[in-house]
Every structure is written in structure tokens, then in C-alpha cells.
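Working notes, structure below.
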There are 2 protein chains.
Amino acid sequence: MTAAFPDLLSRGDGRFAIDIAPALAVGPPGHAYLFGGACLALALEAAAETVQRPVVQGALQFVSFTPLGARLELTVDILQAGRTLVQAQVSGRVDNRLVLSAGVTLGERSGFAEQQWLDAPLVPAPDQCLPSARLPRQDDNAHFLDTMEVRELPEDCLPAGRARFWLRRKATGPIDMASLALFADFIPVALGRMSGRPGGGNSIDNSLRMVRSAAPGWCLADITIAAAASGFAQGRVELWSEQGVLLATGGQTLLFNPG
Amino acid sequence: MTAAFPDLLSRGDGRFAIDIAPALAVGPPGHAYLFGGACLALALEAAAETVQRPVVQGALQFVSFTPLGARLELTVDILQAGRTLVQAQVSGRVDNRLVLSAGVTLGERSGFAEQQWLDAPLVPAPDQCLPSARLPRQDDNAHFLDTMEVRELPEDCLPAGRARFWLRRKATGPIDMASLALFADFIPVALGRMSGRPGGGNSIDNSLRMVRSAAPGWCLADITIAAAASGFAQGRVELWSEQGVLLATGGQTLLFNPG
Ligand SMILES: [Ca+2]
Ligand SMILES: [Ca+2]
């Protein structure tokens with residue numbers, strides 16, 4: 001178990017297992033599966049737990065869906081372990097079938113000041129924004145979205161391709177790496193605003209670049225869908241604290257079916 | 001061989017080899033090695049050649065340097081091959097030692113119009129910009145930067161953390177996927193502008209999300225260094241044609257030593 005995932009069982013030697021419960025599942029009626037952002041969060045947690053250093057960046061390819069109720073087995077392989085950083089690879093399997101593969105960098109260097117060049121967008125505070133009533137309809141047993149608070153930001157002043165959400169997990173706790181990996185996978189919801197399809201599109205991969213975690217509070221997901229070609233869309237997200245501190249950036253490619 | 005890399009030898013079965021020549025090497029005096037963007041370009045080319053479909057996205061972890069003169073051996077493993085897309089993994093070895101690992105998605109779906117939401121920045125044309133005189137000093141046998149034309153864009157109007165370059169390969173040819181992978185690795189040069197160290201910082205990974213290739217011409221690299229913490233910096237790049245078409249986006253994490 002880890003603080004972020006009490007159900008993640010460690011079996012030693014970089015091996016982990018978790019049974020996928022409704023609280024981690026999304027999907028339309030009839031098709032409930034492990035939320036993509038939770039796949040990344042679990043892979044990063046397994047790597048951090050094995051290496052005992054914080055995650056710097058990670059990129060995950062989805063090979064197959066992990067159904068609700070399945071047991072996901074994660075294996076962490078160390079590609080290189082140096083004084084400054086560790087390069088690791090995480091494989092996820094269900095019934096011995098590969099469902100995900102991730103490359104993860106871990107490390108921490110002391111004596112370096114934090115620097116932030118990007119500025120947070122000026123937006124209304126969370127308590128001035130309404131809970132979203134536009135999230136995609138979910139399977140009766142897929143409850144991940146029920147564990148989240150999602151507030152809508154006004155769209156009128158936003159450039160094309162942009163969507164913003166205030167996000168918070170109902171279970172109080174710091175905005176840790178796992179939370180940021182979950183929040184980064186709201187890119188498909190933003191794509192849904194562009195395509196007119198609530199689900200947006202299926203993620204092909206999920207990536208996260210960590211800056212820092214933060215105290216409990218809301219997190220602003222500022223999402224940009226840059227372009228689409230050949231039926232694939234390219235999106236990115238910046239994740240901000242309420243105080244305007246950049247916590248992480250993320251990106252993903254999606255199967256895009258315009259509405 | 002491929003159009004982008006005539007020296008890349010295919011040995012069948014997803015196996016490739018290339019001897020690292022000076023034209024692909026960078027590095028300060030005494031330390032010439034394969035340019036990071038060329039590592040990604042070669043890994044993506046090997047995947048595309050094996051699968052015979054275009055690259056949609058790829059993310060590469062650097063495990064070790066590939067020295068000038070070394071023979072880099074690449075192996076492409078197919079994780080999943082479906083009708084719509086292929087998930088592949090590419091491993092690179094020198095003398096049987098792992099030097100890089102990449103996850104790559106390939107695919108092409110017909111019948112989908114291109115859409116672009118992001119707007120190209122308004123900048124002076126390449127012929128109004130001066131060749132860069134600020135590139136990091138190179139080893140006598142590291143000639144990658146000699147194969148490139150790099151023009152400086154004025155910095156006065158740019159927000160903090162931003163740097164822009166017009167880039168072109170001296171060898172004429174389309175702005176193909178390999179070129180875009182090379183151009184995406186100018187993020188370290190941009191970081192050098194923030195840190196005061198010409199080399200900027202060592203890349204930990206390189207990622208590329210493809211939109212499309214373009215006819216021969218200049219490519220604008222619009223680079224943002226978002227933040228740095230724990231001695232790691234997070235950067236991204238948008239790559240634009242002269243006509244304002246988004247060709248690709250990229251990102252990387254760097255070891256950051258403020259100057
Ligand atoms: Ca997803
Ligand atoms: Ca590099």
C-alpha cells in the first residue's frame with residue numbers, strides 16, 4: 001500500500017498488484033474500466049515505492065483496457081540507477097497479458113531553488129464556479145468521477161482549443177503526484193468540448209512532468225488541444241495550485257472522432 | 001536505410017544498426033556523443049520502418065550517452081498491433097549495454113480532416129533574423145550543429161521562460177518526422193538562455209507528438225521552460241511551418257544547474 005493507493009499491494013522485488021474497484025473505474029454504460037489517469041498514477045506510485053525517490057517524469061502507453069474487477073499486476077524494472085536519477089520501466093498485466101507500459105524517471109537533487117517561468121492564468125476562484133453538469137454519462141459501476149469535484153470555468157474568454165476545470169478529490173489530502181496524474185487525464189473531457197462527444201476520445205498515452213506537490217485544495221487544469229490529424233488529436237495540460245504555483249504539466253495523444 | 005537516415009542499416013525482424021558519425025554528434029570539447037534529438041529520430045524511424053505506418057507519438061528515456069564512433073543497435077518490439085494503431089517499444093544498445101528506451105505509437109486513419117486550434121505566434125520571417133552566434137561551443141569532431149541553420153528571434157517581446165528559433169537543415173528535404181525530432185531537442189538551448197549556461201542542461205527524456213510533415217522550408221521552434229524544481233527543469237516546444245501550420249509538439253525534462 002501507498003498513501004495514495006491503500007489497495008496497492010507490494011509483493012517485493014518491484015512487483016505490485018491491485019484489484020480494480022469502482023472508485024477507479026470510468027466508462028460508458030456497459031464498459032467500465034480503469035481510468036487512464038489512474039493507470040499512470042499507479043505505475044508512477046509503483047516506481048516511486050520501489051525506488052524510494054520522487055517521480056520527475058513518466059510516460060505511459062496504453063496497450064489494452066484494464067476492466068473493472070480485474071487484478072492489475074505491475075512490475076518495475078530498473079534500467080539505470082545513478083546517484084542523481086533512476087530510469088525505470090513499469091509493465092502492467094492482467095491475466096499475464098500486457099495492458100500498459102511506462103517509462104519513468106525518478107530523482108531529487110538538493111540545493112536547487114524552485115523557479116517558475118510560466119504564469120498561471122487569471123481565472124475566477126473555485127467558489128465562483130459551478131459544479132460541472134456536462135461530464136460524460138458513466139456505467140452504473142464506474143464511480144471514479146463520483147470521487148471528484150469538477151467545477152466549470154467560463155468558456156467565453158478562452159481561445160479555441162482551450163478548456164479549464166477546477167479539480168479536487170472528495171477525499172481530502174495533499175495534491176500529490178498521484179492526484180496530479182489523475183487530474184492530467186481530464187484532457188479527453190476538454191477534447192469532448194471541441195468534438196461535441198462528451199467522452200472526447202480514447203487516450204493512446206498519458207505523460208506527466210512533475211514540478212511539486214501541494215497542500216490540500218483545488219487544482220486548475222488548463223488544457224490545450226493543439227491540433228488533430230489522421231484521426232489523432234494532440235493535447236496538453238498545465239496543473240496549477242489555487243495560489244498560482246505550477247505543480248505539473250501533462251500531455252496525451254487521443255483517438256479523435258469529430259462529432 | 002531510410003530517407004531520413006541513409007546510414008541506418010536494417011537487419012530484418014525489427015533490428016537496426018548505425019555507426020554514429022560526426023554529423024549526428026554534439027557535445028563540448030572532449031565529450032562528443034549522439035545528439036539527443038537524433039536518438040529519438042532514429043528510434044522513431046526504426047519503429048516506422050518496422051511497422052510501415054507513420055509515427056503518432058513517441059517518448060524516449062536516455063539511459064546513457066551514445067559516444068561518437070559507437071555502433072548503436074536498435075530493436076523494435078511490437079507490444080500491440082491493431083487495425084487502427086500499433087504500440088511499439090524501441091531499445092537502443094551499444095556493446096550490448098542499454099543506452100535508450102522509447103515507447104512509440106504508430107498509425108494513420110483515413111477520412112479525418114486536419115484541425116488546428118492553436119495559433120502560430122506572430123514573429124519576424126527567417127530572412128529578417130540573424131544566424132545565431134550564441135550556440136554552445138562544440139568538440140572538434142561533433143558536427144551536428146554545423147548541419148543546421150539556426151536563426152535568432154528577438155527576445156524583447158517574449159515572456160519569461162520563452163525562446164524561439166528558426167531552424168532548417170542545410171541538406172534540403174521535407175520537414176519530416178526525423179527533422180521534427182531533431183528540432184524538438186533545441187529545448188536545452190532555450191534552457192541555456194535562462195540559466196546562463198550555453199549547453200542549458202542534459203536531457204533526461206525527449207518526447208514528440210506528430211501532427212504532420214511539411215515541404216522544405218524553415219521551422220519555428222517556440223520553446224517554453226515552464227518551471228524547475230529539485231534540480232530538474234520541465235520544457236516544451238511547438239514546431240511550426242513558415243505558413244503557421246503546427247507540425248509537432250515536444251517536451252523534455254532536463255538536469256538543471258542554474259548558472
Ligand atoms: Ca484517458
Ligand atoms: Ca538533448
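Brief remarks on what is shown
- Protection proxy ranking, highest mean first, for peptides B:122-134, B:10-22: B:10-22, B:122-134, where packing is the per-residue count of other beta-carbon atoms within 10 Å, averaged.
- Whole-angstrom gap from the range B:1-32 to the range B:88-119, using each part's C-alpha centre: 18 Å
- For chain B, the relative contact order is 18 percent, taking Cα pairs closer than 8 Å that sit 6 or more residues apart in sequence and dividing their mean separation by the residue count.
- Summed over the residues of the range A:55-184 and divided among them, the accessible surface reaches 48 Å² per residue at a probe radius of 1.4 Å.
- For A:D222, neighbours were defined as the other residues whose beta-carbon sits under 15 Å from its Cβ, and their charges (Lys and Arg +1, Asp and Glu -1) total +1.
- Global size of chain B: 17.5, 52 Å for Rg and Dmax (C-alpha atoms, Rg to one decimal, Dmax whole).
- Ordered by solvent-accessible area of protein heavy atoms (1.4 Å probe), largest first, the residues A:S203, A:S110 come out as A:S110, A:S203.
- The mean sequence separation of alpha-carbon pairs under 8 Å and at least six residues apart, normalised by the residue count of the range B:21-60, gives a relative contact order of 26 percent.
- Average beta-carbon neighbours from other chains, 10 Å sphere, peptide B:84-93: 3
- About the centre of its Cα atoms, chain A shows a dipole size close to 300 debye [charges on the beta carbon of Lys, Arg (+1) and Asp, Glu (-1) only; nearest 20 debye].
- Among the trypsin sites (Lys or Arg not before Pro) in the range B:31-130, those placed in a DSSP loop whose Cβ has at most 11 other Cβ atoms within 10 Å are B:R83.
- Fraction of accessible area attributable to carbon and sulfur, the protein assembly as shown (%, probe 1.4 Å): 48 percent
- The range A:204-233 residues near the modelled A:E114 label - backbone nitrogen below 18 Å, point 7 Å along Cα→Cβ: A:209-222
- Per residue of A:244-255, other chain Cβ atoms within 10 Å of the residue Cβ number 4 on average.
- Separation of the range B:126-150 and the range A:51-79, taken as the distance between their Cα centroids, equals 40 angstrom.
- Overall form of the range B:69-208 per C-alpha gyration tensor (a/c, 1.5; a/b vs b/c): oblate
- Packing, taken as the mean count of other beta carbons within 10 Å per residue, orders the peptides B:149-162, A:24-37, A:244-257 from highest to lowest as A:244-257, A:24-37, B:149-162.
- Pairwise Cα separations in the range B:146-253 fall into 5 Å bins from 0 onward with the following percentages, short to long: 2, 13, 25, 25, 19, 11, 4, 1, 0.
- Diffusion constant of the range A:55-136 at 20 °C, which comes from Stokes-Einstein with the Kirkwood Cα-pair radius and 1.002 mPa s, µm²/s: 128 µm²/s
- Normalised per residue, the volume of the convex hull around the Cα set of the range B:1-115 (Å³): 117 Å³
The values are calculated or read from the model by the stated rules, or taken from the named source; none is laboratory data. Treat the numbers as computed from the prediction; the structure is a model and nothing was measured. For neighbour counting, all protein chains shown are included, and Cβ atoms are generated from backbone atoms with ideal geometry for every residue, glycine included. The protein model used for the area step is the full one, side chains on, heavy atoms only, and it has no ligands, DNA or RNA in it. Shrake-Rupley method; radii C 1.70, N 1.55, O 1.52, S 1.80 Å.
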